[in-house]
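**Q** Submitted below is the structure of interest, expressed as structure tokens.
The values are calculated or read from the model by the stated rules, or taken from the named source; none is laboratory data. All of these numbers come straight from a predicted model, not from anything done at the bench. Every residue, glycine among them, receives a Cβ derived from its backbone with ideal geometry; neighbour counts consider all protein chains shown.
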Amino acid sequence: MTVQSHQDSKRLLRLPSVLNKVPFSKTELYRRIRAGNFPASIRLGLRSVAWLESDIDEYIQKLTQSGDK
């Protein structure tokens, strides 16, 4: 288990970075968000969203523990 600094836990990831970390497509990502099965994005502007890296990392950890893809 790695220890994250406070600053790392607040890092924001844009969509391309999130898609590089998860094993599914953009369509599937948004399908999981709508179903409540993926962390919601944070609105940065009218056409800009991001995700907390710590939320994505936690999701990936749970995904690998359950074997769900």
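**Q** S5 passes all but one of (1) in contact with a Phe, Trp or Tyr (Cβ under 9 Å, 6 or more places away or on another chain); (2) modelled with pLDDT under 95; which number fails?
**A** (1)
**Q** Another question, then. Out of all the residues in the stretch 10-57, which are of a type in the set (D, E, K, R), exposed (fewer than 13 other Cβ atoms within 10 Å of the Cβ) and part of a helix (DSSP H, G or I)? Walk me through it before giving the result.
**A** Taking the stretch 10-57 and keeping what is of a type in the set (D, E, K, R), we get 10-11, 14, 21, 26, 28, 31-32, 34, 43, 47, 53, 55, 57.
Filter again for exposed (fewer than 13 other Cβ atoms within 10 Å of the Cβ), leaving 10, 26, 34, 43, 47.
Of everything in the stretch 10-57, those that are of a type in the set (D, E, K, R), exposed (fewer than 13 other Cβ atoms within 10 Å of the Cβ) and part of a helix (DSSP H, G or I) turn out to be K26, R34.
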